[in-house]
1. With respect to residue 242, is the statement that it is at pLDDT 85 or above, open to solvent by less than 50 Å² (accessible area, probe 1.4 Å) and assigned to a helix (DSSP H, G or I) true?
2. Could we say that residue 314 is assigned to a helix (DSSP H, G or I), at pLDDT below 80, open to solvent by less than 10 Å² (accessible area, probe 1.4 Å) and over 24 Å from residue 441 (Cβ atoms) here?
3. Suppose we keep only residues that are open to solvent by less than 10 Å² (accessible area, probe 1.4 Å) and over 20 Å from the mean Cα position of the chain (by Cα) within region 322-336. Which one would you say is nearest to residue 137 (Cα to Cα)?
4. Given the conditions (1) open to solvent by 30 Å² or more (accessible area, probe 1.4 Å); (2) within 30 Å of residue 256 (Cβ to Cβ); (3) of a type in the set (A, V, I, L, M, F, W, C), report the number of the one that residue 339 does not fulfil.
5. Which of the residues spanning region 152-192 are at pLDDT 80 or above, open to solvent by less than 50 Å² (accessible area, probe 1.4 Å) and of a type in the set (Ser, Thr, Tyr)?
6. Looking at residue 268 and the list (1) in a helix (DSSP H, G or I); (2) of a type outside the set (Lys, Arg); (3) over 21 Å from residue 390 (Cα atoms), which single condition is not satisfied?
7. Between 303, 362, 395, 369, which is open to solvent by 20 Å² or more (accessible area, probe 1.4 Å), touching a residue at least 40 places away in the same chain (Cβ under 8 Å) and in a helix (DSSP H, G or I)?
8. Can you tell me which residues in region 73-117 are among the aromatic types (Phe, Trp, Tyr) and without any contact (Cβ under 8 Å) to a residue 24 or more places away in the chain?
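The values are calculated or read from the model by the stated rules, or taken from the named source; none is laboratory data. If you're wondering where the values come from, they're calculated on a predicted model, not measured in any experiment. Don't worry about glycine lacking a Cβ; one is built from the backbone with ideal geometry, like all the others, and counts go over all protein chains shown. Accessible surface areas use protein heavy atoms only, side chains included; no ligands, DNA or RNA. Shrake-Rupley method; radii C 1.70, N 1.55, O 1.52, S 1.80 Å.
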Amino acid sequence: MNIVESQTNSAESNSEIKKSVIWIYYVIFFAVLNESVFNVSTPSIAEQFGLDASGVSWVVTIFFIVFGMGMVIFGKLSDIYSIKKLITIGISLYAIGSILGFVCQSWYPAVILSRAIQGAGGSAIPALIFVMVARFFTVKERGKMFGIITSTVSFAIGIGPVLGGYIAGSFHWAFLFLVSVPVVIAIPFFQRFLPVEPRKTGKLDVVGAVLLGIVISMLILFTTNGNWIYLGIVLIAFVLFIVQIRRAKEPFVEPALFKNSLYRNGLIIGFLIFGTVMSVMFVIPLMLRKMYGLDTEHIGLIMFPGAISAVVFGKIAGNMTVKRGSHYVVYLGLILIAASLLLQSSAIGLWVWYIGVALILMYIGFSFMQTALTESVTQILPVHQIGVGMGFFNMTSTISGAVVTALVAKVMEKELLAFPLHPLISDSHAYLYGNLILILCFVVIACTLLYFASFGKTNQQLVNDPA
């Protein structure tokens, strides 16, 4: 084959890949939607099966455990097998779990099993989508795509509880399983547009994967249930995991990945920021009900403008990342989040729409930070580590939502911060909420300093630009 023919085939291949973009946004919407759509239905599920809070929490908990672990596994597999094959398997599993849950809605163990299958299949979508964007698209294309993906994710998170509440209230909670089924429409298009990739050398380190799965599941169980036995298992499994990846010929995760200080600090920042924002989204509705006496409808009215703003500004963040660089957008996002939290903590007890405006700033800042931080991480990973590296990054962000929110819930339950600390809060009923949000503001400031110490002011040299 001569050079001209090779270039022609390459151009045709790139053109076909770009046709998959709309389907990337389509499937990521349904993957994220299922993370939040079931949350509002747990009271109905508990009533039907006669469960207490800890029993019904497994509907959400099992999904997050399998979803978080699955992202790393699919990320690792994408370094070995074709993305086309893996995304087909993942979407198929997702649909199977959805249909099984609807059919077996009267048997609670089957409902839990179905949620686990949904988590396993659904985890393939974000894991492989981020690998696809990093592997098949240029830096300029990636920035814009990450921005739209962030908008899509924000919209799915915002509409999930609303849609879930409507379906569960108007029909039956079991119909929530069917919300994800339309994702199968994307399979033939991915089969057509994605390139055929030859199998690469390597195999899955099953022992390492199992040990990491134990670490993740026990960590979530410890933070949600508070049983110290779970923490002991976490420590033991984590030590064994480190031993395994050091001694295995083809470890589940190369130890060198965590020797990369930029990547390691990126994980920490992603964990803390995502956990902080998810915690605020958990705390604010409770605060609005307690301090302002608002019902669910009015609470949604206060929070909805923020969710919509994230949809709009996600695309802006993508364009800005391309023009100004990922670091600039990360700093801007972190500053907006910190300012929002400072305003929220200081405005408790004042006009309620002060809180609403502050939430808009937080959502915008989060869309900026999430878009640009993802691009920063993809830039520092060599091509052969993108799959598992992005899998870990997505896993830590997802798991942080469950872990940090559970810790915040414990703090609120025991009223550990119900004392005068915030200098602008004088109402004793507001001490807990004001102090908690103020501390989360300090966490964001610490993340900003860590990002500056790690990444500096200018973008790092790219190591994996497909262009």
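1. Working: at pLDDT 85 or above: yes; open to solvent by less than 50 Å² (accessible area, probe 1.4 Å): no; assigned to a helix (DSSP H, G or I): yes.
In short, no.
2. Numbers: assigned to a helix (DSSP H, G or I): yes; at pLDDT below 80: yes; open to solvent by less than 10 Å² (accessible area, probe 1.4 Å): yes; over 24 Å from residue 441 (Cβ atoms): no.
It is false that residue 314 is assigned to a helix (DSSP H, G or I), at pLDDT below 80, open to solvent by less than 10 Å² (accessible area, probe 1.4 Å) and over 24 Å from residue 441 (Cβ atoms).
3. In the first step, residues of region 322-336 are kept if they are open to solvent by less than 10 Å² (accessible area, probe 1.4 Å); the result is 325-327, 329-330, 333-334.
When the remaining residues are screened for being over 20 Å from the mean Cα position of the chain (by Cα), the result is 325, 327.
Working: 325: 17, 327: 20 Å.
That would be 325.
4. Against the list (1) open to solvent by 30 Å² or more (accessible area, probe 1.4 Å); (2) within 30 Å of residue 256 (Cβ to Cβ); (3) of a type in the set (A, V, I, L, M, F, W, C), residue 339 comes up short only on (2).
5. 152, 180
6. Going through (1) in a helix (DSSP H, G or I); (2) of a type outside the set (Lys, Arg); (3) over 21 Å from residue 390 (Cα atoms) one by one, residue 268 breaks only (3).
7. On the way: 362 fails: open to solvent by 20 Å² or more (accessible area, probe 1.4 Å); 395 fails: open to solvent by 20 Å² or more (accessible area, probe 1.4 Å); 369 fails: open to solvent by 20 Å² or more (accessible area, probe 1.4 Å).
Going through 303, 362, 395, 369 in turn, just one is open to solvent by 20 Å² or more (accessible area, probe 1.4 Å), touching a residue at least 40 places away in the same chain (Cβ under 8 Å) and in a helix (DSSP H, G or I): 303.
8. In the first step, residues of region 73-117 are kept if they are among the aromatic types (Phe, Trp, Tyr); the result is 74, 81, 94, 102, 107-108.
Once the filter is applied, which keeps residues that are among the aromatic types (Phe, Trp, Tyr) and without any contact (Cβ under 8 Å) to a residue 24 or more places away in the chain, region 73-117 yields only 107.
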